[in-house]
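The values are calculated or read from the model by the stated rules, or taken from the named source; none is laboratory data. Nothing here was measured: the structure is a model prediction, and the numbers come from that model. Note: ideal-geometry Cβ built from the backbone for every residue, glycine included; neighbour counts use all protein chains shown. Heads up: the accessible areas ignore ligands, DNA and RNA and are worked out on the full protein's heavy atoms, side chains in. Shrake-Rupley method; radii C 1.70, N 1.55, O 1.52, S 1.80 Å.
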Amino acid sequence: MQRTPAGEVVIVPRNFKLLEELEASEKGTGEMSISFGLTDPSDTFLSHWNGGILGPYGTEHDGRFYELKIHCTEKYPNVPPDVRFVSRINMPCVDQKSGKVIHTRLPATRNWNRSMGIEEVLLALRMEMSSPSNRNLRQPPEGSTFP
């Protein structure tokens, strides 16, 4: 959602928003501890994405790289993307059987609004890794994955 100089609200279409996110990610203008891009460059609906998060320094996640799969449904950006960890991780906001991020347990997805994007979700997950309740949680062996 954007405002014109006259104060009118303009709702940016789904694919325009996703193209903006893709361009920003490819140019590397965001936070360098996360990355994301299309799984298949020919995906004209911009639905399937790969993501990555570098574990925060000074935590159990330090030195680890977490791989994620991101799916933006046709309702995006009105609803948050579906995010699933490929790399095993132990955090309360992640379903331990599937690796799926539980929207109600992550502040960024619980308080979602259409001006947010994939970057905000990945940054929120990285911040969760650093939170006092998660920073020292024992983690699965590095390299292990969810089925």
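Once you have the Cα-Cα distance between Ser33 and Met127, take 0.36 nm times their residue separation minus that, and quote the gain in nm to one decimal. Write out the running numbers ahead of the final one.
Values: separation 94, 0.36 × 94 = 33.84 nm, distance 1.10 nm.
Computed gain between Ser33 and Met127 is 32.7 nm.
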Would you pull out the residues with amide H under 5 Å of Ile102's amide H, same chain only if 5 or more places away, H placed 1.01 Å from N? Val94, Asp95
Would you mind checking which residues have amide H under 5 Å from Gly37's amide H? H placed 1.01 Å from N; only 5 or more apart, or other chain. Asn50
Estimated Rh, region 89-147: Kirkwood, alpha-carbon pairs, angstrom: 12.3
Could you give me the ³J(HN,Hα) list for region 81-88, computed from phi with Karplus coefficients 6.51, -1.76, 1.60 and θ = phi - 60°, whole Hz, x at Gly and Pro? x, 7, 10, 9, 6, 8, 6, 5
Apportionment of accessible area to carbon and sulfur, the chain, percent (1.4 Å): 55
How many nm separate the modelled label positions at Thr73 and Asn90, each set 7 Å beyond the Cα in the direction of the Cβ? 3.1
For region 132-147, in order, what is each residue's ³J(HN,Hα) by Karplus, 6.51 cos²θ - 1.76 cosθ + 1.60 with θ = phi - 60°, in whole Hz (x at glycine and Pro)? x, 7, 10, 4, 10, 5, 4, 10, x, x, 4, x, 7, 10, 7, x
Subset of Lys75/Lys100; Lys27/Lys97; Lys17/Lys97 violating a 26 Å alpha-carbon distance limit: Lys27/Lys97; Lys17/Lys97
With each label point set 7 Å from Cα along the Cα-Cβ vector, what nm distance links Leu137 and Asp43? 2.5
Taking the Cβ-Cβ separation of Ser98 and Ala6 as r and a Förster radius of 41 Å, what is the calculated FRET efficiency to the nearest 0.05? 0.30
